[in-house]
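Report on the structure given below.
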Amino acid sequence: MEDANNIAKNYDPASFEDKLYNEWVEKGYFHAEVNKDKKPFTIVIPPPNVTGQLHMGHALDQTLQDILIRYKRMQGYEALWVPGTDHAGIATQIKVEENLRVNEGLTRYDLGRDEFLKRVWDWKEKFGNRIISQLKKIGSSCDWDRERFTMDEGCSKAVREVFVNLYNKGLIYQGSRIINWCPNCITALSDAEVEHVEQAGHFWYIKYPVKGEEGRYVTIATTRPETLFGDTAVAVNPEDERYKDLIGKTLLLPLTDREIPVVADEYVDKEFGTGCVKITPAHDPNDFEVGLRHNLEQIKVLNDDATMNKYAGKYEGMDRYECRKAMIKDLDEMGLLEKIEDHSHNVGQCYRCGTTVEPIVSKQWFVKMKPLAEPAIEAVKEGKTKFVPERFTKTYMNWMEGVFDWCISRQLWWGHRIPAFYCQECGKTIVSKEDITVCPHCGGAVKQDEDVLDTWFSSALWPFSTLGWPEKTKELEYFYPTSVLVTGYDIIFFWVARMIFSAMEHTGQAPFEHVFIHGLVRDSQGRKMSKSLGNGIDPLEIIEKYGADALRFNLATGNAPGNDMRFYMERVEAGRNFANKIWNASRFTMMNLEIDENKLPDISELQLEDKWILSKYNKIVKVVTDNLDKFELGIALSNLYDFIWENFCDWYIELVKPRLFDKENPTGKAAQYVLTYVLSHTMQLLHPFMPFITEEIWQHLPHEGESIVISKFPEYDPALEFEAEEKAMTLVMDAISAIRNRRAEMNVPPSKKAKTIIVTERTDIFEKGKAFFEKLASASEVEVRTDKAGIDKNAVNIVVAEAEIYLPMSELVDKEKELARLNDEKKKLEGEIKRVEGKLSNPKFVEKAPEKVVNEERAKGEKYRGMLEKVIENIRSMENL
RNA sequence: GGGAGUUUAGCUCAGCUGGGAGAGCGUCUGCCUUACAAGCAGGAUGUCACAGGUUCGAGCCCUGUAACUCCCACCA
């Protein structure tokens, strides 16, 4: 190559990564469209969070999906990348709200709906675009179509279609229920959005006086005393002898002038607490049920921001915790506080902001889950959608089978507004696909519901709404159902499960064939990377320092699907070093190239080592392909790594050097061809994992085609099987290793060359390997023969399979040490032989073990017996000296 | 209270359907050998958590135990 000598000595990703990416985009390699000549491969992945910076979790998502998609594209599929929704995430709104509050001292209500939404849009645009440019840095082959993949138009239409359909089927209903309320985000949350955290708290034992019985009290234990103002009863177990006579009596609710009854309900556990439970139907899901059974009033005592309302009397306006403190003090002074106990319990927290959520009774929209879950369970049971790794099927099933109705309304402004209209005149509710202004029943004015839908409601439609559903578009027909969803296990409930049941309901098909689950990226101490801990590592910084390929290598290797991984800088360095290794192997290749086409020479021109590397390469093609097909990306990559570093670089390049350097050598050209062939094809195998460096190298090698991105993925080729040569070469390599080993043991520097005599029956093989011993085993000259007549008895002796090697360096041999070593080796071989013979003499082993295994054992036995014979011989002659 | 996962070299982890224990990093020894010191060659280090069982054969399958982790769950 003309510019081989100008290539940088070290791998420098900055010099080509951006350039290549732009070229790929410009040439349209990432674009996918309906193409009947090809099979579609569609991949769905979750969104990068538009409120911030690309983080390591996104980098992992992107890397894995990109590996799959590049691989499939090279195999001739029309590969489409469908990024998950980036649109309705309420995180965006919350960010903007925070911003408003902190910087301008305003709330969304001060701004009004239109102005507020405009701000959210601006924010989203700004960060959305930033994220897209960041994705490019890691080589993501996304063809992010902003027009097609945004919330407006198409998606809104799909959302409305779905909402109305479900409503008409009675699967969406509005009702008063206990929901989780986040007083910071000021919205309802679904069950999945609440995280339960173990917290140290207290049990407050409060005495409720019994009406008309001076001095008699009922003691209840509570963890949330401030809800007392919403109590409408106290319940006891009907079987509880202690309280039987209380049932039906009336209690005086402390701090208020209200009177509440004592009711009997099975729900109460006699063993727990005092056996008496205060019932607050408006603020506890269990109490809510009890309340329904006993027809109790629901009294809400909290405002939306978790301050107390008028029912709290003099505590009105106080924050819930302030109120708690004040009322406890008052109760104590009144002698109504019996005791306080420490108690740790699970407290629900908002998963976005961490605020303790309040269960509050509220009128919300719900999706009836049971009828939707059933087909979704079936779909997975029947294998229409398969989880990888399989164990996540169980996680999914457990959730699906025990799922409660889904609260879908959110008291936010950013998102898809609920398409329900309330008539101001007749009070009817109208759910409509189109906006309406007048009531179809009475003609009165209507008002649309203020709330928006849970972000996952629209996200659940992603696999088909992005393809044009509900229209029967050609994209939908061609790309749907999709092939793979790549995501972390933390999102199975939020998103995966909901996509599956939504797809089953609305399209009648499972949305994807495979769900490829990965683990979380943790820091080097195993902690979750998070902003608050400040232990997040910015992928962009890593890329800048080590290159995107090194980062991708790190993310793809050394961890099994579904398992968490720790992020180590040292591992990124290992990836960078690997890239550098490839870089230099390529540089070496190019420096020694006189050819300008990429093909294999005629088989008759191939030398032993050529056939060996081709055979090894061929096997790697199979290993990589098989493992990629099984989603075992890590195994595929680590095998490639070993092949490139050990077989190609450490052995093949070294073996072939003499032929390359000697311009007279008639086999030199063949070496160049093989070198080029194996290297460029290996780059293709590696391309899905490390797209940049492979393209850069591939372009510099003789090649056909425009880009490695659109080149054809290598296939296993039976013509490249050279079993015999592989075995022969292995004998030579083992012999070389044995010599190196002995020399190192004796501290002989490589510069000290020695004559090497190889005594073997297989002269055919070792004759061919002569040159290798000179180059790789510090041989000054090599002699291959069948007898050992006339060899110095003092020579350094090495016994290997099929050969005995002598190095006439008698001055280095210490007779005592040598004898000890030989006896050691004898012992080892005897041990091996004993083990093998033990196996073979066991008739059950011979009878039951597969033939292949038995034969292997026999071959080993023979090999060791041959070696042992020689070692014993050597011991004798050494002793006779 | 349910469910899942983990336990393998000093550290972090691979080890696919059972057939002689692996990688990266670290460590030790020797090498600037004309692609690469981000490198080369050679070493050392393991009762594969524990106890049973199945099998000709178990890191892998079965049973039990222990420790740790995660998810789910409306016990005040």
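The values are calculated or read from the model by the stated rules, or taken from the named source; none is laboratory data. Remember, predicted model here, so these are calculated numbers, not experimental data. All Cβ positions, glycine included, derive from the backbone under ideal geometry; neighbour counts span all protein chains shown. For the accessible areas, the whole protein counts, side chains as well, though only heavy atoms, and no ligand, DNA or RNA atoms are used. Shrake-Rupley method; radii C 1.70, N 1.55, O 1.52, S 1.80 Å.
Using a 1.4 angstrom probe with every protein chain in place, what is the largest-first accessible-area order of A:Ile45, A:Ile491, A:Ile872?
A:Ile872, A:Ile491, A:Ile45
So, counting K/R as plus one and D/E as minus one, what does the shell of residues with Cβ under 14 Å around A:Asp642 add up to?
Within the 14 Å Cβ shell, the charges total +1.
Which order do you get for A:Ile430, A:Ile537 if you rank them by accessible area with a 1.4 Å probe, largest at the top?
Result of the area sort, largest leading: A:Ile537, A:Ile430.
Give me the Å³ per residue figure for the convex hull around the C-alpha atoms of the range A:634-720.
In the range A:634-720, the Cα convex hull volume per residue is 114 Å³.
Can you give me the angle between helix A:392-401 and the longest principal axis of chain A, using Cα atoms only, in degrees from 0 to 90, rounded to the nearest 10?
The answer is roughly 10 degrees.
Can you give the local net charge around A:Ala379? Use residues other than it whose beta-carbon is closer than 12 angstrom to its beta-carbon, Lys and Arg +1, Asp and Glu -1.
For residues surrounding A:Ala379, the net value is -2.
Which pairs, out of A:Lys630/A:Lys712; A:Lys19/A:Lys136; A:Lys19/A:Lys126, put more than 22 Å between their alpha-carbon atoms?
From the list (A:Lys630/A:Lys712; A:Lys19/A:Lys136; A:Lys19/A:Lys126), the Cα-Cα distance tops 22 Å for A:Lys19/A:Lys126.
Rounded to the nearest 10 Å², what accessible area does A:Glu879 have for a 1.4 Å probe in the complete protein model?
That residue has around 110 Å² of solvent-accessible surface.
Using the structure shown, list the pairs from A:Lys157/A:Lys472; A:Lys753/A:Lys870; A:Lys669/A:Lys753; A:Lys827/A:Lys870 with a Cα-Cα distance above 18 Å, or answer none.
A:Lys753/A:Lys870; A:Lys669/A:Lys753
Just reorder A:Cys423, A:Cys442 by solvent-accessible area, largest first, 1.4 Å probe, all chains present.
Sorted by accessible area, descending: A:Cys442, A:Cys423.
Counting every Cα pair in the range A:389-442, what percent are over 19 Å apart?
57 percent
Karplus couplings for the range A:178-183 from phi (6.51 cos²θ - 1.76 cosθ + 1.60, θ = phi - 60°), rounded to Hz, Gly and Pro as x?
Rounded to whole hertz, the list is 7, 10, 8, 10, 9, x.
Find which of A:Asn577, A:Leu555, A:Pro658 sits farthest along the positive direction of the dipole of the range A:554-670, computed with +1 on the beta-carbon of Lys and Arg, -1 on that of Asp and Glu, about the Cα centre.
A:Leu555
Which whole number of Å³ per residue matches the convex hull of the alpha-carbon atoms in the range A:259-310?
106 Å³
In terms of modelled amide H atoms, which long-range or inter-chain residues lie less than 5 Å from the amide H of A:Leu485?
When sequence neighbours closer than 5 places are left aside, the close amide H contacts are A:Val44, A:His514, A:Val515, A:Phe516.
As I understand it, the value is the acute angle between the Cα axis of helix A:320-333 and the longest principal axis of the Cα atoms of chain A; what does it come to in degrees, rounded to 10?
60 degrees
Which order do the peptides A:443-449, A:306-312 take when ranked by the mean count of other beta-carbon atoms within 10 Å per residue, highest first?
Top to bottom by mean Cβ count within 10 Å: A:306-312, A:443-449.
Please calculate how many Å² of accessible area the range A:708-780 carries per residue, with a 1.4 Å probe and no DNA, RNA or ligand atoms counted.
Value for the range A:708-780: 49 Å² per residue.
For the range A:25-81, what does the equivalent ellipsoid look like in terms of its semi-axes, each the square root of 5 times an eigenvalue of the Cα gyration tensor, given largest first in whole Å?
They are 25, 12, 10 Å, listed largest first.
List every residue whose amide H lies under 5 Å from the amide H of A:Val784, counting only residues 5 or more places away in sequence or on a different chain, with H placed 1.01 Å from N in the peptide plane.
Long-range HN contacts for A:Val784: A:Ile758.
On a straight-distance basis, which lysines could pair with A:Lys325 in a cross-link, Cα separation under 25 angstrom, same-chain partners fewer than 8 positions away excluded?
Within the straight-line limit of under 25 Å, A:Lys325 reaches these lysines: A:Lys207, A:Lys278, A:Lys300, A:Lys310, A:Lys314, A:Lys339.
On alpha carbon coordinates alone, what is the Rg over Rh value for the range A:378-503, Rh being the Kirkwood radius?
Reported Rg/Rh (Cα atoms, Kirkwood Rh): 1.08.
How many nm separate the modelled label positions at A:Trp399 and A:Lys300, each set 7 Å beyond the Cα in the direction of the Cβ?
Placing both labels 7 Å beyond Cα along the Cβ direction yields 2.9 nm.
How large, in percent, is the carbon and sulfur part of the accessible surface of the range A:245-375 at a probe radius of 1.4 Å?
That fraction is 47 percent.
If you line up the Cα atoms of chain A on their principal axes, what length do they span on each, largest first, in Å?
122, 62, 55
How much accessible surface area, in Å² rounded to 10, belongs to the heavy atoms of A:Asp332 with a 1.4 Å probe?
90 Å²
Using alpha carbons only, how many degrees (0 to 90, rounded to 10) separate the axis of helix A:815-841 from the longest principal axis of chain A?
Long axis of A:815-841 versus the principal axis of chain A: about 60 degrees.
In vacuo Debye scattering of the range A:201-276, one point per C-alpha: log10 I(q)/I(0) at q = 0.26 Å⁻¹?
Ignoring solvent entirely, the Cα scatterers give -1.40.
What residues qualify as long-range amide H neighbours of A:His202, i.e. H under 5 Å apart, gap of 5 or more or another chain, H built at 1.01 Å from N?
Residues meeting the criterion, in which the H sits 1.01 Å from N, are A:His343.
For the range A:241-253, in order, what is each residue's ³J(HN,Hα) by Karplus, 6.51 cos²θ - 1.76 cosθ + 1.60 with θ = phi - 60°, in whole Hz (x at glycine and Pro)?
In residue order, the calculated couplings are 4, 4, 10, 3, 6, 7, 4, x, 6, 10, 10, 9, 6 Hz.
What's log10 of I(q)/I(0) for the range A:685-843 at q = 0.15 Å⁻¹, Debye sum over Cα points only, no solvent?
With one equal scatterer per Cα and no solvent, log10 I(q)/I(0) is -0.90.
Dipole of chain A (Lys/Arg Cβ +1, Asp/Glu Cβ -1, origin at the Cα centre): which of A:Val674, A:Phe493, A:Val871 lies farthest to the positive side?
A:Val871
Show which lysines lie in cross-link reach of A:Lys727 when reach means a straight Cα distance below 20 angstrom and same-chain residues fewer than eight apart are skipped.
A:Lys611, A:Lys616, A:Lys619, A:Lys622, A:Lys768, A:Lys770, A:Lys852, A:Lys860, A:Lys863
Can you pull the accessible area of A:Ser711 for me, 1.4 Å probe, Å² to the nearest 10?
Only protein atoms counted, so the area is about 10 Å².
What three numbers, in Å, describe the spread of the alpha carbons of the range A:496-552 along their principal axes, ordered from the longest?
Largest to smallest, the principal-axis extents are 48, 27, 15 Å.
Highest first, please rank the peptides A:847-855, A:342-350 by the mean number of other Cβ atoms sitting within 10 Å of their residues.
A:342-350, A:847-855
Would you kindly give the portion of the calculated P(r) for the range A:566-650 that falls above 23 Å, as a percent of all Cα pairs?
37 percent
Count the net charge of all other residues whose Cβ sits under 13 Å from the Cβ of A:Arg527, scoring Lys and Arg as +1 and Asp and Glu as -1.
It works out to a net charge of +2.
Assign unit charges at the C-beta atoms only (+1 for Lys and Arg, -1 for Asp and Glu), then state the dipole size of chain A relative to its Cα centre in Debye, rounded to the nearest 20.
760 debye
Between the range A:330-394 and the range A:442-507, what's the alpha-carbon centroid distance in Å?
Using only Cα atoms, the two centres lie 23 Å from each other.
Sticking with the crude label model, points 7 Å out along Cα→Cβ, report the distance from A:Lys157 to A:Glu23 in nm, one decimal please.
Distance between the two pseudo-spin positions: 4.0 nm.
Return the whole-Å distance between the Cα centroid of the range A:204-267 and the Cα centroid of the range A:421-440.
If we compute the Cα centre of each part, the gap is 45 Å.
Counting helices only, and only those DSSP H runs with n ≥ 4, report the 222 nm mean residue ellipticity of chain A as the sum of -39,500 (n - 2.57) divided by its residues, in deg cm²/dmol to the nearest 500.
The helix-only estimate for chain A comes to -13000 deg cm²/dmol at 222 nm.
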